[in-house]
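The values are calculated or read from the model by the stated rules, or taken from the named source; none is laboratory data. Computed from a prediction, not measured in an experiment: that's the story for all the values here. Here the Cβ is made from the backbone with ideal geometry for all residues, glycine too, and neighbour counts use every protein chain on show.
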Amino acid sequence: MQISYAEVRRTRGAALTAAFVLLLAACSDKGQPPPQAAAGPVQVGVVTVRTGGVQLSSELPGRLEAVRTAQVRARVAGILTKRLFNEGSDVKAGQVLFQIDAAPYQAALDSARAALARAQANKAQAQANEERYKPLAAAKAISQQDYLNLQTQLKQADADLLSSQAALRTAQINLGYASVVAPISGRIGRALVTEGALVGQGEATQLAQIQQIDPLYVNFTQPATEALRLRRAIEAGRLDRSAGATVVRVVLDDGSVHPQPAKLLFSDLTVDQASGQITLRAELPNPKGELLPGLYVRVRIEQATAPQAVLLPQQAVSRGGPQGDSVLVVVGQKPVRRPVRLGPAQGKQWVVLEGLKPGDKVVADGFQKLRPDSTVQAVEWQPPAAPGAAASVPASAAR
């Protein structure tokens, strides 16, 4: 059988076409990724909302100050002869601290006493003359002018006597000032002058300083905006005034709490224009004298009670976003952003006053895994264990 050239060409063309179609199909299959199983829900840690009464306390910066401070100064001039106290010791009001050379003041006192005696004698003589010449003046045995002169001499003698008495008191006071005494009870610092120094010459030289340190004042500051927000919340009924609002706890620099509570005395009437802060003052007992003026402390004060508040870890709250403060709440396996109203921070937690209800599940962990269309699986979030907690776990539990 003979095959024509035209039939051969048609057969070869059909074969090439079929091969090209198969090649395209193979390439198309290689370009498609293999089908994947649908992604599962994202696991996130949540905190289940529970409401309850929360004490709202603030921890504010403060500094200790002596209740009374007195400068011991020389009130008369002279050479300092003795120091009669131990530096850094406790002294009593009226205790002699320094002795200034008293010889000049003793001499001045003796002179004032002599002047007083002379004035008393002059008055006695003037009074005797006036009494002796009085009947003569009535009988016109002497001139009226002579009797008036005697009366004038008596009045001058009275004035001289009063002046001498005042000079005597001044001399006694100056002699007393030669013994420098403590104006208040308290703890005295170092002596600012030494024996042999000339003090009080032209000025009241400071010799030492005494501070009363039991009790101590605690001066601390609070932002005026925070105080105003707290006051408005109390007036609106969202917060209750704390029964312990006048009790202050002092936290020392090492983190320990002073065993004695302080009592709130007052809040200043003005706001510092530079810092926007209000100054408050409390009184802190310091019977052992362990705390010293100038020490930096933290002041913990209970200011209000939130009757139906929520505590959330700070990481669960987004602050300052387009919606303000907000949290992510799991609703039907979807994360939904919800605005909240915050109170003050309590340690590492925020107090939430509004925006949540009991049973809400607030996302506290796993934010980095979330996408806009994520489906989530909520598991109860556990706060990280404190350092060293693993060492206290029993061996049986570890196994």
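Below, the figures for the structure above:
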item: In segment 80-92, residue farthest from the chain's Cα centre (by Cα) [restricted to those that are farther than 30 Å from residue 255 by Cβ and surrounded by fewer than 13 Cβ atoms within 10 Å (Cβ to Cβ)]; result: 86
item: Residue match in segment 95-111 (condition: crowded, with 16+ Cβ neighbours inside 10 Å, under 21 Å from residue 183 (Cα atoms) and in contact with a Ser or Thr (Cβ under 6 Å, 6 or more places away or on another chain)); result: yes
item: Wholly enclosed strands (runs of 3 or more DSSP E) of segment 328-373 bearing at least 1 residues more than 20 Å from residue 226 (Cβ to Cβ) and β-branched (Val, Ile, Thr); result: 334-339, 361-365
item: Contacts under 7 angstrom Cβ, first residue in segment 266-287 being touching a residue at least 60 places away in the same chain (Cβ under 8 Å), partner surrounded by fewer than 15 Cβ atoms within 10 Å (Cβ to Cβ) and aromatic (Phe, Trp, Tyr), 6 or more apart; result: 281/266
item: Test: residue in segment 61-69 that is within 30 Å of residue 352 (Cα to Cα), surrounded by 15 or more Cβ atoms within 10 Å (Cβ to Cβ) and in contact (Cβ under 8 Å) with a residue 24 or more places away in the chain; result: yes
item: Residue that is modelled with the highest pLDDT, among those in segment 35-92 that are under 30 Å from residue 306 (Cα atoms) and either in contact with an Asp or Glu (Cβ under 6 Å, 6 or more places away or on another chain) or among the basic types (Lys, Arg) (or both); result: 63
item: In segment 112-150, residue surrounded by the most Cβ atoms within 10 Å (Cβ to Cβ) [restricted to those that are more than 29 Å from residue 174 (Cα to Cα) and polar (S, T, N, Q)]; result: 129
item: Answer residue from segment 165-179, given it is within 20 Å of residue 98 (Cβ to Cβ) and free of Cβ contacts under 8 Å to residues at least 60 places away in the same chain and is surrounded by the fewest Cβ atoms within 10 Å (Cβ to Cβ) among those; result: 173
item: Filter result (within 30 Å of residue 132 (Cα to Cα) and of a type in the set (Ser, Thr, Tyr)) within segment 143-187; result: 143, 147, 152, 163, 164
item: Selection count where residues are within 17 Å of residue 59 (Cα to Cα) and among the small types (Gly, Ala, Ser), scope segment 307-344; result: 1
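Results for (1) surrounded by 17 or more Cβ atoms within 10 Å (Cβ to Cβ); (2) closer than 25 Å to residue 188 by Cβ, shown as yes or no for each residue.
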position: 228; (1), (2): no, no
position: 237; (1), (2): no, no
position: 258; (1), (2): yes, yes
position: 269; (1), (2): no, no
position: 274; (1), (2): no, no
position: 281; (1), (2): yes, yes
position: 287; (1), (2): no, yes
